[in-house]
Amino acid sequence: MTYSDFTLSKFKKQFNIHIDENNDLFANIEPREISTQLTTTLEETTDLALAINTEKARSEMIITPILLEVRRKANYQISLFSGTDFNVDAEKGLNGYCDFVISRSKEQLTINAPVMIIVEAKNENIKGGLGQCMAAMLAAQIFNQQEENEIKTIYGAVTTGDIWKFLKLEGADLFVDLNNYYIKELNKILGILYQGIQG
């Protein structure tokens, strides 16, 4: 079993995590300014990615440029991994690859603690990616504990590139934001991601 095998119901059955989906988690997040570089890139790539309509196109042409913007805003003090194996506990199914992992460590050779944000890319089905993202977020929490570099909150996102659903894991409580955020609200999406790297 790997992260991608987890549905929401499988995750709920396997782990003793309380899931709360009744909160507007990011109502008070300050929107972040969008750079000209990101605006120009997305003007060229968003419609193309949506027309191609594959997870790979959405990842490369929409999600990656947004996450690179977050890395720039953090003055390159974080690391960004794409399509990287993140094997934490194979017995529990917490292994396999993650679409995107962001760590507070600058090192790019390997994933180092603390892992702060997990982003799962999906072609269209946001709900279908929630279990997978939750499993990877729990793995990040365990990984940080094993490395003795714990942080209070792990953030997660399931995204099609044009739609983003955010999650937050604190201890044994996993919060799923009530809202979906759309690419036209990009400054708010950047604000939430930036909050994730600030801790």
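The values are calculated or read from the model by the stated rules, or taken from the named source; none is laboratory data. Bear in mind that the values here come from a model prediction, so they are computed numbers and not experimental data. Note that each Cβ is placed from the backbone with ideal geometry, even for glycine, and that neighbours are counted across all protein chains shown. Note: accessible area is taken over every heavy atom of the protein model, side chains too, but ligands, DNA and RNA are not part of it. Shrake-Rupley method; radii C 1.70, N 1.55, O 1.52, S 1.80 Å.
Counting only strands (runs of 3 or more DSSP E) that sit completely within the stretch 84-199, those holding 1 or more residues that are out of contact with any helix residue (DSSP H, G or I) (no Cβ under 8 Å at 6 or more places or on another chain) and either charged (D, E, K, R) or over 16 Å from F11 (Cα atoms) (or both) correspond to 97-103, 163-170, 173-182.
Of all residues in the stretch 115-153, those satisfying the criterion of being within 17 Å of A74 (Cβ to Cβ) and open to solvent by 10 Å² or more (accessible area, probe 1.4 Å) are I151, T153.
Selection of the stretch 9-45 for residues being in contact with a strand residue (DSSP E or B) (Cβ under 8 Å, 6 or more places away or on another chain) and assigned to a loop (DSSP other than H, G, I, E, B) yields I17, D24, L25, F26. When L50 is tested against the conditions (1) hydrophobic (A, V, I, L, M, F, W, C); (2) touching a Gly at 6+ places or on another chain (Cβ under 8 Å); (3) surrounded by 19 or more Cβ atoms within 10 Å (Cβ to Cβ), the lone failure is (3). When you look at R32, is it exposed (fewer than 13 other Cβ atoms within 10 Å of the Cβ) and over 16 Å from A136 (Cβ atoms), yes or no? When the stated conditions are applied, R32 does not pass them.
Looking only at the stretch 79-99, which residues are open to solvent by less than 70 Å² (accessible area, probe 1.4 Å) and within 23 Å of T160 (Cα to Cα)? Across the stretch 79-99, the qualifying residues are S79, L80, F81, G83, T84, F86, L94, N95, G96, C98, D99. If you go through the stretch 1-25 and keep only what is open to solvent by 70 Å² or more (accessible area, probe 1.4 Å) and within 13 Å of A172 (Cβ to Cβ), you end up with K12, N16, H18.
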